[in-house]
Amino acid sequence: MSTAPNSRLPLRCWAEIDLAALERNLRLIRASLPAHIRYVAVVKADAYGHGLPQTAARLMHSGADLFAVATLSEAATVRELGPGWPILLLSPLLPEEDRYLADYDLAATISSSAEVARFAAVGRAAGRPIAVHLKIDTGMGRLGVWHEQAPALHREIAASPHLRLAGVFTHFASPDDDPAFTDEQRRRFLAALDRCEGLRPGEIFVHADNSSGLETMPGASPFNAVRVGLLQFGILPHPHSLLAQVHTEPVFSFRTRVGLVKTLPRGTTISYGRTHTLARDTRVAVLCAGYGDGIPRAVSNRAQVLIGGRRCPVLGRITMDQTMVDVTEVPAVQCGDEVVLVGRQDAAEISITEFSRWADTIPWETLCSVTKRVPRLYRTALGV
Ligand SMILES: Cc1ncc(COP(=O)(O)O)c(C=O)c1O
């Protein structure tokens, strides 16, 4: 296992990132898709909190075709790892960021005539065309040109010698719970593509599906790529995902240790705001992690943790650096014991989906909320 640079000190709260599982997941997802479907690895937000350089390096090794990031700084990190690897910026650029498209050799998402003019100016100055993916808004209401106006914007891109169309895509608003609207978005997208004169889908990336909607259109569909974020980290966006039968493994686990164990009498109130009162004499363990590490305050009095392979309930409010749990049923527990917040311990497991439900949130947000204070430890060996 390789560790973060400042991790010579004993660990108090850390995340373990199983890069070998990430590689197995990518290969499994790939194997479940038709061979011609290209793999766009979505690694924005520090690769969903897993650590961008380590994650992107492993995904390159595993055969990702293109990297999708949100910011220039993320793009620069991926570029440093892989000169020549295609990178797509999913977020809009600020005007003063435009020139870095050429410097870092990036593809931009394009949604408007104003962007056509700006990015073409960068291409003209650089002496080579800037790659762009035309984004079509089919009902997400975020980036992209409205689908009815897509053919006109496509004409502008095609007319510019300083732009090179490298892809066309859309994004689904409710792929996990509204199949009818997702179908409507697909229909709008395909209709828009049909009206884009001279568009050659076979020569560019054509993508829409993410982890929730991963599917490929049968027959002569122009879709030839998928954008995978959550699923490559071993998390199903919802139990009825089309790829639920692909058994990806969690890449991330979140761990801390017991800092203190003590017995408190029945009737004692626990933590800020006194929201929990002990109903019996209780062995309480104080854990070395709190919301300063990414345990959301919303899980106060709701979450459970694993200690000695047993589930132990959180008592009272989560505090910045410490969390109290009931360990009355785990008599051998002592200072220094490992605690699992998300992950496996012996036969027991707390999934990130369960943890996120306690916080009334989604796994995407939970992963992005693990703070900088938490070192990431990387498991690299492929194993079995
Ligand atoms: C435009 C876009 N495509 C793809 C993804 C990946 O989605 P998922 O993590 O559900 O696979 C995201 C994630 O937020 C996104 O914003």
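The values are calculated or read from the model by the stated rules, or taken from the named source; none is laboratory data. Fair warning: this is a prediction, and the values are worked out from it, not measured in the lab. Don't worry about glycine lacking a Cβ; one is built from the backbone with ideal geometry, like all the others, and counts go over all protein chains shown. The accessibility values were calculated without ligands, DNA or RNA, using every heavy atom of the protein model including side chains. Shrake-Rupley method; radii C 1.70, N 1.55, O 1.52, S 1.80 Å.
For this structure, a couple of remarks:
- Here D65 and A279 are evaluated by their C-beta separation; at R0 = 51 Å the FRET efficiency comes out at 0.35.
- Distant-in-sequence amide contacts of V284, defined by a placed amide H-H separation under 5 Å and a gap of 5 or more residues or a different chain, comprise K262, T263, L264, V327.
- Relative contact order [Cα under 8 Å, 6+ residues apart], the chain, whole percent: 19
- All-pairs alpha carbon distance profile, the stretch 114-208, 5 Å steps from 0, percent: 3, 14, 24, 22, 17, 10, 5, 3, 1, 0
- Fraction of beta bridges assigned by DSSP in the chain that are antiparallel (%, nearest 5): 50
- Listed residues G127, G292, G336, most fluctuating in the chain (Gaussian network, C-alpha, under 10 Å): G127
- Debye log10 I(q)/I(0) for the stretch 48-153, one point scatterer per Cα, at q = 0.13, 0.19 Å⁻¹: -0.50, -0.97
- Note on K262: aspartates and glutamates with a C-alpha under 15 Å away, same-chain residues under 8 apart excluded, are D281, D326, E329, D337.
- A simple spin-label model places the labels of R195 and H247 4.7 nm from each other, with each point 7 Å out along Cα-to-Cβ.
- Loop-resident trypsin sites (Lys or Arg not before Pro) (DSSP state other than H, G, I, E or B) in the stretch 50-152 with no more than 15 further Cβ atoms inside 10 Å of their Cβ: R99, R142.
- Heavy-atom accessible surface of D337, to the nearest 10 Å², is about 50 Å², with a 1.4 Å probe and all protein chains retained.
- Convex hull volume per residue for the stretch 252-379, taking Cα atoms only, in Å³: 100
- Accessible area ranking (1.4 Å probe, heavy atoms, ligands and nucleic acids excluded), largest first, for R283, R12: R12, R283.
- Cross-link partners of K44 among lysines, defined as those whose alpha carbon lies under 25 angstrom from its own and excluding same-chain residues fewer than eight positions apart: K135, K372.
- Rolling a 1.4 Å probe over the protein heavy atoms gives the stretch 314-384 an accessible area of 50 Å² per residue.
- Stokes-Einstein D in µm²/s, Kirkwood radius over Cα pairs - the chain at 37 °C with 0.692 mPa s viscosity: 145
- Trypsin sites (Lys or Arg not before Pro) lying in DSSP loop within the stretch 330-384, provided at most 14 other Cβ fall within 10 Å: K372, R373
- Over the C-alpha atoms of the stretch 33-233, the Rg to Rh ratio, Rh being the Kirkwood estimate, stands at 0.94.
- Rounded percent of accessible protein surface that carbon and sulfur make up, the chain, 1.4 Å probe: 53
- Given charges at Cβ of Lys, Arg, Asp, Glu: the chain dipole, positive-most of S32, V145, L236: L236
- The chain: most fluctuating residue of G167, G234, G141 per GNM, C-alpha cutoff 10 Å: G141
- For the chain, modelled as a GNM whose springs connect Cα atoms under 10 angstrom apart, the maximal fluctuation among P83, P313, P237 occurs at P83.
- The accessible area of C335, taken with all protein chains in place and a 1.4 Å probe, comes to roughly 90 Å².
- Largest first, the extents of the alpha carbon coordinates of the stretch 308-384 on the three principal axes equal 36, 32, 23 Å.
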